[in-house]
Amino acid sequence: MSHSLTSPAAGSTTSTPALEIRGLGKSFPIGGLFSRRSVRALHGVDLTIGRGEIVALVGESGSGKSTLARCVARLEKPSSGAILIDGVDILKRDRIQASRAFRSQLQMVFQDPFGSLNPAHRIEHFLRRSLAIHGKGGGSEEETRRRLEDLVTTVGLQADMLNSYPHELSGGQRQRVAIARALAVEPQVILADEPTSMLDVSVRIGVLNLMRKLRDEQGISMLYITHDLASARYLADRTAVMFAGELVEEGESLDLLANPAHPYTQLLVSAVPDPARAGSYDPVRRAELRQAVMASTTCAYDGDPNQACSSEEPVRHQVGDPNNRHWVRCHLYRPWAGNDGHALAGEPAQPDLPASNAQEKASA
Amino acid sequence: MTISQVSFGSHEPVLDVKDLTVKYIGDTRSTTAVDRVSFSIGTGEVFGLAGESGCGKSTIANSIMRLLKDPAKIAGGSISFGGKDVLAMSPEELRRFRWQDVAMVFQSAMNSLNPVLTIGEQIVDIFTTHAGYSRKESLRRAAELLELVRIDPARLKSYPHQLSGGMRQRAVIAMAVALKPSLLILDEPTTALDVVVQQEIMAQIKDLQRELGFSVLFITHDMSLMVELSHRMAVMYGGRIVETAKAQDVYANPRHPYTQALMGAFPPLTGPRVPLTGLPDGVKFRNIPDLSEAAPGHFVAPFGADAAVIDSANLAGAAR
């Protein structure tokens, strides 16, 4: 089931998205060995990343974004759902563990560049190894050498840094090495989990610019996972908001952050410090939003999009111009009240409200 | 007009730091962590100290509290608080000075609560030890204090692990203002918290500050947060202040290239998407000169070709 609002990718030449996540769910068992209880970390997540598209996944700690990344990277086994790369369900193809073919399609960049590079090896070792394992070395030593130098210059380092050890590099430079290592296998998709949060603030933007450059020049798709809305807006074409293990809103980044429709997104956006709108903090409005967010923790979407919206089972509503591919899934959304900037009702929906006229037909 | 005379309003400065130099002395070599830093904080003023990890901002906070331990040594300069010389205080004076005159909220302070005592016991401790109140009176005040930061007084009986991170942080802030200090030092008070909680806590600190009238030394690397909260701010780099002015002036018109890089590191949430540059890898500033007044109340360390050592190959690489 691909979603009609999310499937057409910006600038895509084919209709097959680079990465497609369908109904992904993950539960972790809690309690003792014989306990049957479990905690639901992910539930019914649908996300599509077109070719050459950068999608940001935002949310607070504990919202499930890292679990999603770990599932997509095959570091965790999802409880349900499908992950498609190039239209092939990799969970079915590589049943037990991730295959080398999968790794050459999808690469990861982790949060901590201090922990992800073995201190005993020179930079050349990491890159050479990636090339060798995936057979991208090119046959001759000169060819490999040329490729290594290409890689480090692509990520903005000097060729002689190949002989450096990780401890000789700054955090930003190490993260560039980690990105070069991912690039070495020529992946289609890069999964970047908070790639800048451990870096000194003044070099963060340089790493974001590098990611954008790779997308522009090499057409690599990216899933950028972050809790920093401002950087998501800066880098990503589209942004998806995760709350309590579910996607609650998604849209073109600029539109989503300018017109957030879900109370949780509004809460997040209003919490970002921004001197340009200093003094905009309104405790009363904040309390309302908080209450609305708390009330929506029971939101669940069980697959049938044609049912009426309710607080238990909200459906996806389209927000604004369809070109922005902006949708929200919340029973509080009132499209006809959207002009005053607060498109949310203060109290839960009455069951007899005609919510269905704004309903998005979600089946493809 | 010298830097220490510029403060928000016409009040007498609460804290006056002059030419503070702190060195970490090793067996073979020593490092200057804070190098001839001067600033002052007026009554009821919120003063921000911005900079990246390792620039010396926490070392300054610890110097003011006299918490520096070997191998750190105050190698020069003076710190005066309300006219008293902090560096010359006796241990007994220091005991009174800390908490009663100046209180500090540390980075990830929520982990500084004692896990085996209830919140109530820990707050009551402050009143019985420092203010000499009876237990009953202390308990009553502890309940008031929690109400001040909007925590249910019934939580006095809770242990730290029963509270969320944000609640613990608020409890720590309540404890810091318990004795109505005239200066509160906040060292990255919200870095370990989610944005939503962060903003609520900052708003609460602002309310408390307005209500109780204390001054604040606010330390963070988040420029956006700092500009929102502070009246005046200083930007530090490598142990030196490179720029100081009213926060709004720094925001509207950052003059030093390092300040500009820090500002550029935080993309805006509104307006068109413009490419930002940040500080390229490998760019370093050395031998930062003393501040000079670039505009009224706006002090900037002069910078030129000799002040910034730029690794040119790196710069070219990062700019691509």
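Some observations on this one:
- Between residue B:93 and residue A:40, the modelled labels are 6.4 nm apart [label points 7 Å from Cα along Cα→Cβ].
- Hypothetical label at residue B:135: residues of region B:155-179 whose amide nitrogen lies under 18 Å (7 Å Cα-Cβ projection): B:156-158
- In terms of its Cα atoms, region B:1-148 spans 50, 44, 31 Å along the principal axes, sorted from long to short.
- Over all distinct Cα-Cα pairs of region B:116-214, the Kirkwood formula returns a hydrodynamic radius of 13.8 Å.
- Global size of chain B: 20.6, 68 Å for Rg and Dmax (C-alpha atoms, Rg to one decimal, Dmax whole).
- A protection proxy built from the mean count of other Cβ atoms within 10 Å ranks the segments B:195-202, B:30-37, B:168-175, most packed first, as B:168-175, B:195-202, B:30-37.
- Burial ordering of A:265, A:154, fewest other beta-carbon atoms within 10 Å first: A:154, A:265
- If R0 is 30 Å, the Cβ-Cβ spacing of residue B:157 and residue B:179 corresponds to a FRET efficiency of close to 0.85.
- Mean separation of Cα pairs under 8 Å and 6 or more residues apart, divided by the residue count, gives chain B a relative contact order of 20 percent.
- Zero-based 10 Å bins, Cα pair distances in region A:154-246, whole percents: 14, 48, 30, 6, 1
- Viscosity 1.567 mPa s, temperature 4 °C, Stokes-Einstein D of region A:116-270 from Kirkwood C-alpha radius, µm²/s: 76
- Region A:55-84-region B:208-274 distance, computed between alpha-carbon centres (Å): 35
- Radius 14 Å from Cβ of residue B:159, net charge of other residues (Lys, Arg +1; Asp, Glu -1): +2
- Taking region A:49-171 and dividing mean pair separation by its residue count, relative contact order in percent (alpha carbons under 8 Å, at least six apart): 19
- Between residue A:132 and residue B:293, the distance separating the two model label sites (each 7 Å from Cα on the Cα→Cβ line) works out to 6.5 nm.
- A Förster distance of 45 Å, applied to the separation of the beta-carbon atoms of residue A:97 and residue B:191, puts the FRET efficiency at 0.75.
- Shape of region A:38-110, Cα gyration tensor, a/c cut at 1.5: oblate
- Label point distance in nm, residue A:82-residue A:150, each placed 7 Å from Cα along Cα→Cβ: 3.5
No lab work stands behind these numbers, since they all come straight from the coordinates. Computed from a predicted structure; not experimentally measured. Cβ coordinates were reconstructed from backbone atoms using ideal geometry, including for glycine residues, and neighbour counts include every protein chain displayed.
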